Each structure stands twice: as structure tokens, then as C-alpha cells.
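The values are calculated or read from the model by the stated rules, or taken from the named source; none is laboratory data. Only a predicted model underlies this, so the values are computations on that prediction, with no experimental measurement involved. Cβ atoms come from the backbone with ideal geometry, glycine included; neighbour counts cover every protein chain shown. In case anyone asks, the SASA skips ligands and DNA or RNA and just uses the protein heavy atoms, side chains included. Shrake-Rupley method; radii C 1.70, N 1.55, O 1.52, S 1.80 Å.
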Amino acid sequence: MKQLTDLALLDLLREDNDDAFNEIYSRYWEVVYAIACKKLNNREEAKDVVHDLFMVIWVKRHSLKITTTFIGFIYTILKNKLTDLNRRQTLRIKHDVEYLNITEETDNSLFEQYSTKELANHLTLEIQSMPVGMRKVFQMSREEDLSVNEIAGRLSISSQTVKNQITSALKRLRVKCQLY
């Protein structure tokens, strides 16, 4: 087999001759592997690509049409395999990045929801623990959205007292809720 030309080996290969395939493999695997290693910088991936390349030759042995040299044909298959691998890796990286972004957003969203709920609960407890007058002024200001003058008029107290109560309530909430 060693003295046969590539074309003669291909003719035998088309006839399902295992020895012809083995001869083609032994002639070209080393050069193909070296090129794949150089392009990929990864010996394991290079082995996989070379294996796939020779599998293509075996599977398509009956329909192989070579218009250039056999090494040119092999190089074309190798180039296509490397391109496919690169596309798959790029797509995998893109999917991984998307997954990480989605996971991070979900984690952040869940954390924010939990934190917001905890803060709201804490604020509610702190507002409930305020002295009655302060609580009433603060709730009218924040929940009913009334102005200082409207609150003063409804409660029959001075505008300054309303301002003082709101300021005191906010200071109290800032101190009590600063950890949240």
C-alpha cells in the first residue's frame, strides 16, 4: 500500500478497503494533527478534529470527488472543521455569557425584592413605634400627600410644629433603618 498513489488509495477506499484507509491515515494524520495543534493550541481538541476529519473521509468514501490534490482536499476539510469548532465555541461562550447575565439579573432581582420587602416591613414597624402625634403628622405627609399647611389646618397645630414632627420622624427612620 505504501507505494500506491493517493488516487489509487482513494479508488480502493471507494471499494471499502480498510487497508487503503489505514494507509491514508498513516500518511496524513501527523501533518493534519500538527496543523490542528498550531491553530487550536490544544492537543485534545486537535485530536478530536483530526478524528472527525478522517471520519468524514471514511463516511463519504463512496462519494468523494477530489478536484485538487489529496492534501489540498484534506486541508479544506480541516479548515472547515476548525471553522465549525470556532463557531461552536463562540456560540457556547455567547450562551454562557447570556446565562450568567440572566442568572445575575435574577439573583439581583430576587435580592432586591427581598431587601425592598424587608425594608418596607422595617419602616412600617418603625412608623408604628413613633409617638402618636409624630406618627399622625408623618402619615398625613407621606401617605396622604398633604402639605405642611394642610396638616397644620387639619390638626389645629402650627406649621412649624408640623415641620418639626416630620423632620424628627425622618431622622428617627434614618437612624433606625440605616442598616437596610
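Observations, loosely collected:
- Bridgeable aspartates and glutamates around Lys117 (alpha carbons under 16 Å apart, same-chain partners fewer than 8 residues away excluded): Asp107, Glu126.
- The spread of Cα positions in region 1-61, taken along each principal axis and listed from longest to shortest, comes to 36, 23, 14 Å.
- Given charges at beta-carbon only (K, R positive; D, E negative), |dipole| of the chain in Debye: 900 debye
- Euclidean distance between Cα centres, region 11-38 to region 126-166, Å: 89 Å
- One quarter of the convex hull surface built on the alpha carbon atoms of region 127-176 amounts to 3.1 nm², the projected area averaged over directions.
- Taking the three principal axes of the alpha carbon atoms in region 40-105, the coordinate ranges are 53, 24, 18 Å, sorted in descending order.
- Shown for the chain are the DSSP H helices of 20 Å or more along their axis, judged by Cα atoms, with a mean Kyte-Doolittle hydropathy of at least 0.0: 43-59.
- Straightening the chain between Ser159 and Ala120 buys 11.2 nm, computed as 0.36 nm per residue apart minus the Cα-Cα spacing.
- Accessible surface computed residue by residue for the chain, with neighbouring protein chains in place and a 1.4 Å probe, gives 70 Å² per residue.
- Anisotropy class of the chain from Cα gyration tensor, a/c 1.5 cut: prolate
- Efficiency of FRET from Cβ geometry, Val97 and Asn41, R₀ 22 Å, rounded to 0.05: 0.50
- Applying a DSSP loop filter and a limit of 15 other Cβ atoms within 10 Å to the trypsin sites (Lys or Arg not before Pro) in region 53-88 leaves Lys60, Lys65.
- Each Cα pair under 8 Å and six or more residues apart adds its sequence gap; the mean of these over the residue count of region 17-93 is a relative contact order of 30 percent.
- Across the chain, Cα pairs under 8 Å and at least six residues apart give a relative contact order of 15 percent.
- Taking GluC sites (Glu not before Pro) across region 137-180, the ones in a DSSP loop with at most 13 further Cβ atoms lying within 10 angstrom of their Cβ are Glu143, Glu144.
- Placing unit charges on the Cβ atoms of the charged side chains and taking the dipole of the chain about its Cα centre, the candidate lying farthest along the positive direction among Val137, Leu12, Leu125 is Val137.
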